[in-house]
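Mind looking over this structure? Questions follow.
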There are 2 protein chains.
Amino acid sequence: MARKSSTLDPQRLDNQICFAVYSAAHAFNRVYKPLLDRLGLTYPQYLVMLVLWERDDVPLKEIGEKLFLDSGTLTPLLKRLEAAHLVKRTRSSEDERQVLIALTPQGHALKDKARSVPQSILAASDCSVSELVAMKDEIVALRDRLNAVIGE
Amino acid sequence: MARKSSTLDPQRLDNQICFAVYSAAHAFNRVYKPLLDRLGLTYPQYLVMLVLWERDDVPLKEIGEKLFLDSGTLTPLLKRLEAAHLVKRTRSSEDERQVLIALTPQGHALKDKARSVPQSILAASDCSVSELVAMKDEIVALRDRLNAVIGE
DNA sequence: TCACATTTAATTGTTCGCAATTGAATGTCC
DNA sequence: GGACATTCAATTGCGAACAATTAAATGTGA
């Protein structure tokens with residue numbers, strides 16, 4: 001009883017939820033890799049395409065808010081998507097500060113090719129949809145609490 | 001009923017557990033940042049230190065297995081920790097292929113300074129320990145299932 | 001209108017993360 | 001013992017991720 005049980009030691013790697021999340025994110029990335037290679041996308045690029053497939057012609061700023069990414073990450077990423085002829089970047093005529101991101105026909109067409117990706121991920125998760133939804137909601141709630149702290 | 005409800009659309013960003021995990025990992029990183037800045041560590045460097053604080057004089061390979069990272073990531077990271085005088089890298093005399101990572105006195109001493117980090121994270125999570133442990137176990141189980149698929 | 005603050009992207013520099021390759025050390029099989 | 005495969009770390013190249021800075025466009029208040 002004198003020595004703290006290792007299963008309760010908050011400084012142990014295996015007891016840290018952040019490492020669980022960190023390593024799960026990398027595991028997801030590795031599962032996505034071969035699926036997205038066929039689409040010519042990286043995972044963050046795929047996330048941007050998901051945003052655009054929901055709504056086209058979105059300001060860079062708004063993509064950043066949805067994905068929690070800033071222009072330092074998105075500007076070069078979007079330039080790569082533009083070089084791949086999947087999106088077009090244009091300055092807004094109403095507000096020259098904003099850059100609007102629009103899908104090209106190829107970018108729009110890619111949505112169909114990507115349709116099988118989620119079910120491949122579901123299969124790899126080896127888990128029921130309802131369990132995954134419950135976990136997702138818990139993780140999102142945790143993320144939002146963390147982000148609330150960052151804003152002070 | 002003809003149109004699929006958006007809350008069930010698997011191609012919607014908000015319905016993807018992987019994005020929840022991805023964005024939660026980044027949120028954790030942002031919460032850790034100011035805490036680890038005081039220790040002069042990045043989050044992946046902190047993970048390596050957690051491994052070494054549990055057991056010293058560990059082969060690079062073993063650190064990689066615990067953190068799911070390869071030498072391409074760890075070699076430069078460990079060189080930075082060595083430059084910061086927190087670890088020492090030596091070739092094993094028994095097997096010259098292996099590099100053993102050992103804590104310096106400063107590296108060992110940093111454990112005490114890092115003791116308050118987990119409770120700061122717990123506070124930011126705004127969640128009970130038992131809830132976090134339950135979530136952690138679920139996420140680890142998911143991660144392990146995903147990693148099992150990668151190995152084919 | 002003019003001075004000043006705010007907003008927005010882009011840029012720069014550092015660190016991860018990983019695939020692919022290289023090279024050295026070790027293990028195995030004949 | 002020698003040919004061969006395997007293991008392990010290091011290296012190279014590319015794409016995030018983010019802090020900090022810069023520059024241009026817009027908003028605001030005297």
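Once you list every other residue whose beta carbon is under 10 Å from the beta carbon of A:GLY107, what net charge do they have if Lys and Arg are +1 and Asp and Glu are -1?
0
Evaluate peptide A:43-54: per residue, the Cβ atoms of other protein chains within 10 Å of its Cβ; return the mean as an integer.
Partner Cβ neighbours, averaged per residue: 3.
Taking the Cα centre of the protein assembly as shown as the origin, how large is its charge dipole in debye, to the nearest 20, when only Lys and Arg (+1) and Asp and Glu (-1) carry charge on their Cβ atoms?
About 540 debye.
Would you work out the charge dipole size for region A:17-111 about its Cα centre, treating the Cβ of every Lys and Arg as +1 and the Cβ of every Asp and Glu as -1, and quote it to the nearest 20 debye?
380
What does the C-alpha gyration tensor say about the overall shape of region A:16-152? Classify as rounded when a/c is under 1.5, otherwise prolate if a/b is larger than b/c, or oblate.
The shape class here is oblate.
Would you mind checking region B:126-152 for residues with the amide N under 17 Å from a putative spin-label position 7 Å along Cα→C-beta of A:ALA141?
Label zone hits: B:126-139.
Roughly speaking, what is the stretch gain from A:ALA83 to A:THR7, that is 0.36 nm per residue apart minus the C-alpha to C-alpha distance, in nm to one decimal?
Additional length available on full extension: 22.3 nm.
Between copies, how far apart are the A:THR90 label points? List them in nm, one decimal, shortest first, with each point 7 Å from Cα toward Cβ, please?
6.6
If you don't mind, another one. Let me check I've understood the local charge: for A:GLU138, count other residues with C-beta under 10 angstrom from its C-beta, Lys and Arg +1, Asp and Glu -1. What total comes out?
-1
When the helix-only estimate is applied to chain B (DSSP H runs of n ≥ 4, each -39,500 (n - 2.57), divided by the residue count), what is the mean residue ellipticity at 222 nm, nearest 500 deg cm²/dmol?
Per the formula, -20000 deg cm²/dmol.
Over region A:17-111, with every protein chain in place, what whole percent of the accessible area is carbon and sulfur at 1.4 Å, could you tell me?
In region A:17-111, the share of accessible area belonging to carbon and sulfur is 53 percent.
In the neighborhood of A:ASP37, defined by Cβ-to-Cβ distances under 13 Å, what is the net charge if each Lys or Arg adds +1 and each Asp or Glu adds -1?
Summing Lys and Arg as +1 and Asp and Glu as -1 gives +4.
Quick check: from the Cα gyration tensor, does the protein assembly as shown come out rounded (a/c under 1.5), prolate or oblate?
prolate
Here's something else I'd like to know. Return the single residue from B:VAL99, B:VAL21, B:VAL140 with maximal mean-square fluctuation; model: Gaussian network over chain B, springs between Cα atoms under 10 Å.
Result: B:VAL140 has the largest fluctuation of those listed.
If you don't mind, there's one more thing I want to ask. Among rounded, prolate and oblate, which fits region B:31-110 when a ≥ b ≥ c are the square roots of the eigenvalues of its C-alpha gyration tensor, a/c under 1.5 means rounded, and a/b larger than b/c means prolate?
Judged from the Cα gyration tensor, region B:31-110 comes out prolate (a/c at least 1.5, a/b above b/c).
The values are calculated or read from the model by the stated rules, or taken from the named source; none is laboratory data. Not measured: the values here are computed from a predicted model. So basically every Cβ, Gly included, is an ideal-geometry build from the backbone, and we count neighbours across all protein chains shown. With ligands, DNA and RNA removed, areas are computed over all heavy atoms of the protein, side chains included. Shrake-Rupley method; radii C 1.70, N 1.55, O 1.52, S 1.80 Å.
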